[in-house]
Each structure stands twice: as structure tokens, then as C-alpha cells.
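In what follows, a single structure is set out as C-alpha cells and then discussed.
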Amino acid sequence: MNDFRLLGQASLAELICAHAAEFDDRQTLATLSVSYLLDEVAHGRAVIEADEHAVAVVRPEGWRARKGNAILWLIFVDPEWRCAGNGSDLVMRMKVTHARKLAMHLLCHGGGRMKFFERCGFHVKQVIPAGIVMMAPCRG
Ligand SMILES: CC(C)(COP(=O)(O)OP(=O)(O)OC[C@H]1O[C@@H](n2cnc3c(N)ncnc32)[C@H](O)[C@@H]1OP(=O)(O)O)[C@@H](O)C(=O)NCCC(=O)NCCS
């Protein structure tokens, strides 16, 4: 795939939604669409940020009961560029960019990625129904 940084917000939203099946939880599969994502961006409830081979969607002010904590909502790495550090680099960049007063939390979609996020320095905070786990940064 091309350099993700050259793509506009609509193209990035399309890219993420085209791979929604990879997020592996019922809620994301049922609700994620390009129009929903762009609407959340337009209202300041989400920002889409890209590195060369990876894209992330962050809710900068949190979401619902988690208002106040920035939440890393979605992260997607170009399948051709996986297991090369691109995912963890972007998680770390988002953690630094979006943690203001409160530390950034993240949503882990499907249990398989939990190890990946634990390696990025997060631990399980809360299990949300439909296969999503809220994770918080470890101290220190
Ligand atoms: C999960 C994801 C973001 C990781 O990105 P990445 O660039 O491959 O990750 P890194 O190179 O920084 O880290 C690689 C490590 O994560 C693990 N990992 C990567 N993808 C994984 C997956 N789908 N399930 C379980 N572990 C995974 C690898 O085993 C690897 O560990 P290793 O070095 O011991 O082999 C990427 O696989 C992806 O985009 N997946 C599809 C979308 C997705 O699942 N997003 C996360 C939703 S919670």
C-alpha cells in the first residue's frame, strides 16, 4: 500500500473500514462505517493520525463513561509492514501526543492483541461486553 501519510482523512477512514473485519469484536463490526468515523472526526470526538505504514484513531476527550481520558480506539498496520515495530511505534506516539492531564487508555478489540498492547506497556483495566477490553498504561 502507499504511504498512509499521503492519504486524506476520508481515504484513511475508508482504509480502516475496508479492514474492519480484522478488529475482531462484534461491536466494531456492527457500528464502524466511513460516515460514522468521519462524523466523529467532524465533531471533534475522534482524530485519525497516520504514520507511513500505520494509522490510528484516537478519541482525544475520551468517550461516554470514560470522558477525560484520551482513548486509542483503533489501530491498523499495513499487512505488508507488520511485525516490524510500526504498530508499537504508533501506540507510543499516540500515548505521548494525547496523554494530557490523564494517561491515554486504549480499546483492545479481541483477545489476540492483548499481548501486543501489554508489550506496549498497558494492562487490562476493564472487560467491556462484545469482545472489547479497556487497557490502561502501567505505572512507571
Ligand atoms: C495489531 C497490529 C496493530 C500490530 O502491529 P505490528 O506493526 O505488526 O506490531 P509490532 O511490529 O509493533 O509488534 C509485533 C508484535 O505484535 C504481535 N502481533 C501483531 N499482530 C498481532 C495479532 N493480530 N494478534 C496477536 N499478536 C499480534 C506479533 O506477534 C509481534 O510479536 P513478536 O515480535 O513476538 O512476533 C497489527 O497486526 C494490525 O494492524 N492488526 C489488524 C488490526 C488490529 O487488530 N488492530 C488492533 C485492534 S485491538
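The values are calculated or read from the model by the stated rules, or taken from the named source; none is laboratory data. A quick note: this is a predicted structure, and the numbers were derived from the prediction, not measured. Every residue, glycine as well, gets a Cβ built from its backbone with ideal geometry; the counts of neighbours run over all protein chains shown.
Looking at (1) surrounded by fewer than 18 Cβ atoms within 10 Å (Cβ to Cβ); (2) closer than 17 Å to A20 by Cβ; (3) at pLDDT 95 or above, which is the only condition L72 fails?
Here L72 clears every test but (1).
Need a quick list: helices (runs of 4 or more DSSP H) entirely within the range 1-81 having at least 2 residues that are within 14 Å of the chain's Cα centre (by Cα).
So the answer is 9-18, 34-42.
From (1) under 15 Å from H105 (Cα atoms); (2) surrounded by 21 or more Cβ atoms within 10 Å (Cβ to Cβ), pick out the condition that doesn't hold for A54.
Every condition holds for A54 apart from (1).
Being in contact with a Leu (Cβ under 8 Å, 6 or more places away or on another chain) and among the aromatic types (F, W, Y) is the filter; apply it to the range 85-126 and report the residue that is surrounded by the most Cβ atoms within 10 Å (Cβ to Cβ).
Applying the filter and picking the extreme gives F122.
State all residues of the range 59-89 that are under 22 Å from M1 (Cα atoms) and either more than 13 Å from the ligand (Cβ to nearest atom) or in contact with a His (Cβ under 7 Å, 6 or more places away or on another chain) (or both); if no residue qualifies, say none.
Across the range 59-89, the qualifying residues are F76, V77, D78, W81, N86.
Would you tally the residues in the range 48-58 being acidic (D, E) and either within 15 Å of R113 (Cα to Cα) or more than 12 Å from the ligand (Cβ to nearest atom) (or both)?
Matching residues across the range 48-58 total 1.
Within the set of pairs 6+ apart or on separate chains, which have a first residue in the range 62-85 that is closer than 21 Å to K115 by Cα, a second that is within 15 Å of the ligand (Cβ to nearest atom) and small (G, A, S), and C-beta atoms under 6 Å apart?
Qualifying pairs under 6 Å: I75/A56; V77/A54; V77/G87.
Of the numbered conditions (1) within 13 Å of the ligand (Cβ to nearest atom); (2) in a helix (DSSP H, G or I), K95 satisfies every one except a single condition; which is it?
Going through (1) within 13 Å of the ligand (Cβ to nearest atom); (2) in a helix (DSSP H, G or I) one by one, K95 breaks only (1).
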